[in-house]
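Visitor: One structure follows; several queries about it will come next.
The values are calculated or read from the model by the stated rules, or taken from the named source; none is laboratory data. Bear in mind that the values here come from a model prediction, so they are computed numbers and not experimental data. Positions of Cβ are backbone-derived with ideal geometry, glycine not excepted, and every protein chain shown enters the neighbour counts.
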Amino acid sequence: MRVAANTVVYFHYTLRNGAGAVLDQSGDAPFGYLHGHGNIVSGLESALEGREAGEALDVQVEPGQGYGERDEALVQAVPRSAFEGVDVEIEAGMRFRAHSDAGPRIVTITEVADEVITVDGNHPLAGEVLHFAVQLTEIRDATATELEHGHVHDGDGHHH
């Protein structure tokens, strides 16, 4: 069976940045996704189209087909008062769900000053060229429930 729309694809992967540093990798169990439903970055999904279980490939994904280009307009200084009611000490690196004109967005705290906190609404990998080493392990037809929900369910009925 080949990777095609509405198939469930399982693969092991290692994701590296342009400098070769490992950013993420599959654990003991392969990662599974529903092909053609936007569950993974589009550049990787496109590269897997038509492949078969057992194949190994290296895929380079440009930012436009990954997590997008960095948008400096998404970096903003907000008054510390915007974080009133937060029960933890605000520190650089923390992530919060914020409400923006474009709807909810995850922001990362990049700088903390006395009166102003700088937040970045870009995905942490925005602007990065992604380097995936992939080993396809299994391809199967999606179940009706998976197609209805738009993502993979494992054997216990839990979501992936």
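Visitor: Listed residues LEU48, LEU130; which is more than 20 Å from VAL3 (Cα to Cα), of a type outside the set (Gly, Ala, Ser) and in the same structural domain as HIS12 (by TED's automatic domain parsing)?
Guide: The unique qualifying residue is LEU130.
Visitor: Applying the selection to the stretch 25-49, what residues are hydrophobic (A, V, I, L, M, F, W, C), assigned to a loop (DSSP other than H, G, I, E, B) and touching a strand residue (DSSP E or B) at 6+ places or on another chain (Cβ under 7 Å)?
Guide: Result: ILE40, VAL41.
Visitor: Here's a follow-up. Looking at GLU52, is it in contact (Cβ under 8 Å) with a residue 60 or more places away in the chain, loosely packed, with under 11 Cβ neighbours inside 10 Å and touching a strand residue (DSSP E or B) at 6+ places or on another chain (Cβ under 6 Å)?
Guide: So GLU52 passes the test.
Visitor: Could you list all residues from the stretch 8-34 that are buried (at least 19 other Cβ atoms within 10 Å of the Cβ) and either closer than 14 Å to ALA142 by Cβ or at pLDDT below 95 (or both)?
Guide: VAL8, VAL9, TYR10, GLY32, TYR33, LEU34 - these are the residues of the stretch 8-34 that are buried (at least 19 other Cβ atoms within 10 Å of the Cβ) and either closer than 14 Å to ALA142 by Cβ or at pLDDT below 95 (or both).
Visitor: For residues that are part of a loop (DSSP other than H, G, I, E, B) and among the aliphatic types (A, V, I, L, M), tally how many sit in the stretch 110-129.
Guide: 4
Visitor: Among the residues of the stretch 58-109, how many are touching a residue at least 12 places away in the same chain (Cβ under 8 Å), outside any strand (DSSP E or B), aliphatic (A, V, I, L, M) and exposed (fewer than 15 other Cβ atoms within 10 Å of the Cβ)?
Guide: Residues flagged as touching a residue at least 12 places away in the same chain (Cβ under 8 Å), outside any strand (DSSP E or B), aliphatic (A, V, I, L, M) and exposed (fewer than 15 other Cβ atoms within 10 Å of the Cβ) within the stretch 58-109 amount to 3.
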